[in-house]
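Undergrad: If you scroll down you'll find the structure; I have some questions about it.
The values are calculated or read from the model by the stated rules, or taken from the named source; none is laboratory data. Just so it is clear, the model here is predicted, and its values are computed rather than measured. Neighbour counts are summed over all protein chains in view; Cβ atoms, including those assigned to glycine, are modelled from backbone coordinates with ideal geometry.
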Amino acid sequence: MIYCTENDIVIRDLVENDAEIIAHEEQLQGLLDKKPERYFLRLKDVADGKCIALVAEYKGNPAGYINVYMDSKWGAFGNKGWPEIIDLRVIEKYQKHGIGNLLTQVAEEISKKYADTVYLGVGVNSNYGSAFRMYVRRGFVPDGTGLWHNDDHLENYTNIQYDDETIIYMSKKL
């Protein structure tokens, strides 16, 4: 299904052929842990009715992706019946064309069909700076619970390995 077409960007459902292309592009960026199996698991969740997995094409090439879990069980807002936006990523060579913003816009529109609020977790290291700023511009607000790591809320003075799984949760009224 095609959800949106704007300029050179098309937002559509993730399909199996996208997995190899996206994983290859991410590995070229140095993200060696990104394997096609990751996207096959998302497709299984789609088949099981748990999520909607989207891809952005830029000039005909898979350029980014995002997932919406309609009734998420994770994190600060888990089990509230709110959709969660997971794994927004735009391949580096396609960044700065509005792809991430358009993917997020479509994810919000989908989420609105399920609840009046959507949430997400965003990494707190500098790799996520542009995403964090975009979420704030789009109206997302930090939840106030502080840091989370691997789906666990971190209490004060907790020792952790600071990595991509160190996040804060944000929500937005739709």
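Undergrad: For segment 40-84: of the residues being small (Gly, Ala, Ser) and assigned to a loop (DSSP other than H, G, I, E, B), which is nearest to residue 17 (Cα to Cα)?
TA: Residue satisfying both the conditions and the ranking: 60.
Undergrad: If you take the residues of segment 154-174 that are charged (D, E, K, R) and within 13 Å of residue 135 (Cα to Cα), which of them is surrounded by the fewest Cβ atoms within 10 Å (Cβ to Cβ)?
TA: Once the filter is applied, the top-ranked residue is 173.
Undergrad: Which of the residues belonging to segment 121-174 are of a type in the set (A, V, I, L, M, F, W, C) and either over 22 Å from residue 97 (Cβ atoms) or touching a Ser or Thr at 6+ places or on another chain (Cβ under 8 Å) (or both)?
TA: If the condition is that a residue be of a type in the set (A, V, I, L, M, F, W, C) and either over 22 Å from residue 97 (Cβ atoms) or touching a Ser or Thr at 6+ places or on another chain (Cβ under 8 Å) (or both), then 124, 134, 140, 141, 147, 148, 154, 160, 167, 168, 170, 174 are the ones that fit.
Undergrad: Output yes when any residue across segment 111-125 is in a helix (DSSP H, G or I) and surrounded by 20 or more Cβ atoms within 10 Å (Cβ to Cβ), and no when none is.
TA: Yes.
Undergrad: Let me ask something else about it. Go over the candidates 162, 157 one by one and state the one that is more than 23 Å from residue 51 (Cβ to Cβ), outside any helix (DSSP H, G or I) and in contact (Cβ under 8 Å) with a residue 24 or more places away in the chain.
TA: 162
Undergrad: If you go through segment 30-38 one residue at a time, do you hit one that is over 16 Å from the mean Cα position of the chain (by Cα), modelled with pLDDT under 95 and not in a loop (DSSP other than H, G, I, E, B)?
TA: yes
Undergrad: What is the one condition in (1) surrounded by 20 or more Cβ atoms within 10 Å (Cβ to Cβ); (2) under 29 Å from residue 147 (Cα atoms); (3) in contact (Cβ under 8 Å) with a residue 40 or more places away in the chain that residue 104 does not satisfy?
TA: Every condition holds for residue 104 apart from (3).
Undergrad: Moving on. Could you tell me whether residue 63 is among the aliphatic types (A, V, I, L, M), farther than 11 Å from residue 103 by Cα and in contact with a Phe, Trp or Tyr (Cβ under 6 Å, 6 or more places away or on another chain)?
TA: no
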